[in-house]
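Before any comments, here is the structure.
The values are calculated or read from the model by the stated rules, or taken from the named source; none is laboratory data. Everything numeric in this text was worked out from a predicted model, so none of it was measured. Methodologically, a virtual Cβ is constructed for each residue, glycine included, from the backbone with ideal geometry; neighbour enumeration extends over all protein chains shown. Just so you know, the surface numbers come from the protein's heavy atoms only, side chains and all, with ligands and any DNA or RNA stripped out. Shrake-Rupley method; radii C 1.70, N 1.55, O 1.52, S 1.80 Å.
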Amino acid sequence: MAKGKYILHHCAHCDRDARMELVGSTEQHPDRSWYRCTRCRHVSLLNVEELRREVEEAKKKLDRADAEEYTPEKTYRVGEAIFHSDWDDLGKIISKERTSGGGSAIVVSFEKIGERRLLETVVTKDDAVE
Ligand SMILES: [Zn+2]
C-alpha cells in the first residue's frame, strides 16, 4: 500500500486546492493513481511522483546567494541559477542552444522579465588583429 492516502492538489475540475483521496491505481499507468477530490468528488488520474517534483521545484525559490553572476565569457549548465546585473533579475537556465554563428547560448527563465536567450562561452579575442 502506498504511503499517503491523501494528497493536497489543485483540482482542475473545481479549480481549488483540495485534499485528494487515493481511490485506486491503473494497470496501464503504473506510475499514476486515481484520486478523488474531496470537494467536488471529481476523480483524476494523477502522477504523484511528478506532482511531488513540481511542488519541490516551486518551493525552490531562486536565491541571489546561490546564483552565478552572468558574464558572456562563462560556460553554464542547465538548471544553474544566474543573476543578470543589468536587468537586476534572477533566472534559471532551462536549456542550451547553438547560435547560427556556431556559438553557444543559454535559454534562461527570469523571474521578472521572463524567458531570454543569452550568449555563453564567448571568447574575447584580446590579441586579435583587426
Ligand atoms: Zn475538485
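Structure summary
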| quantity | calculated |
| --- | --- |
| Per-region count, segment 97-115, residues under 23 Å from Lys125 (Cα atoms) and either under 14 Å from the mean Cα position of the chain (by Cα) or surrounded by 11 or more Cβ atoms within 10 Å (Cβ to Cβ) (or both) | 6 |
| Segment 1-21, subset within 16 Å of the ligand (Cβ to nearest atom) and of a type in the set (A, V, I, L, M, F, W, C), residue most open to solvent (accessible area, probe 1.4 Å) | Leu8 |
| Hits in segment 60-76 (condition: in contact (Cβ under 8 Å) with a residue 12 or more places away in the chain and either touching a Cys at 6+ places or on another chain (Cβ under 6 Å) or over 21 Å from Thr124 (Cβ atoms) (or both)) | Leu62, Asp63, Arg64, Asp66, Ala67 |
| Those strands (runs of 3 or more DSSP E) lying entirely in segment 22-119 with at least 2 residues in the same structural domain as Ala12 (by TED's automatic domain parsing) and within 16 Å of the ligand (Cβ to nearest atom) | 33-37, 43-46 |
| Residues being loosely packed, with under 15 Cβ neighbours inside 10 Å and under 14 Å from Tyr70 (Cβ atoms) - total across segment 81-95 | 4 |
| Filtered residue count, segment 85-117, keeping only those that are in contact with a strand residue (DSSP E or B) (Cβ under 7 Å, 6 or more places away or on another chain) and over 22 Å from Asp63 (Cα atoms) | 6 |
